[in-house]
1. Name the residue farthest towards the positive end of the dipole of the range 44-110 from the options MET55, ILE84, VAL69, assuming +1 on Cβ of Lys and Arg, -1 on Cβ of Asp and Glu, about the Cα centre.
2. Given Cβ point charges of +1 (Lys, Arg) and -1 (Asp, Glu) and nothing else, what value in debye, to the nearest 20, does the dipole of the range 9-137 about its Cα centre take?
3. At 0.36 nm per residue, minus the direct Cα-Cα distance, what do LEU22 and LEU40 gain on full extension? Give it in nm, one decimal, please.
4. Simple spin-label model, 7 Å along Cα-to-Cβ: MET121 to PHE76 in nm?
5. Is the range 26-85 best put as rounded, prolate or oblate by its Cα gyration tensor, with a ≥ b ≥ c the root eigenvalues, rounded for a/c under 1.5, and otherwise prolate when a/b is larger than b/c, oblate when not?
6. Kindly express, to the nearest 10 degrees and within the range 0 to 90, the angle between helix 146-156's C-alpha long axis and the longest C-alpha principal axis of the chain.
7. Once Rg/Rh (Cα atoms, Kirkwood Rh) is worked out from the coordinates, which option in (1) 1.14; (2) 1.03; (3) 0.94 does it equal?
Amino acid sequence: MAESLPFNYQPELRRRYRTAVLTVRVLLALTLAMSAAAFLGRNHLQQQDRASLEMALKIAIVVFGVGSVILRRTRFSSLRLRDITALRGASGLLATLEKTTIQVAVMGAAVAVFGFIATVMTGNTFYTYGASAIGVFVLLNCYPTLASWQKTVAHFDPAQG
């Protein structure tokens, strides 16, 4: 008869949600700190022309920025989430929500780091500002809400709704 009792996912949901939110917040603070560091250190940076480096970093920024959006859309597709829930239940679904959120957040922060590296190497603060703007967009886009995670579990695992 234990099979008919629904799994109480709330403690796990709150734990995984807290981890994801904390990660996104820390990476957002890091992104903003890099922008502040570039702004405060702009007078100490030496302008250098490194065209090949600049082009490589621009490409990396675009790839990571667009890639993070594509990754999120792919991993959070309805069909995929339905399959994960069918195979691993609510716990597997919550693990996927947490893991994907953290992966996308790291990609957003990586964009900001690339921009900061370009600023340090070229002396052009525009790279940090532009890359940080993209990073902040990605981080805010992947920022989870507790209500959306609860609705997702309820939608894909009717036994939990």
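1. Looking along the dipole axis, the top candidate is ILE84.
2. On the way: 15 positive and 5 negative charges, 115 e Å.
Rounded to the nearest 20 debye, it is 560 debye.
3. Between LEU22 and LEU40, full extension yields an extra 3.8 nm.
4. 3.2
5. oblate
6. 50
7. It is the value labelled (1).
No lab work stands behind these numbers, since they all come straight from the coordinates. Treat the numbers as computed from the prediction; the structure is a model and nothing was measured. Neighbour counts run over all protein chains shown; Cβ positions are idealised from the backbone, glycine included.
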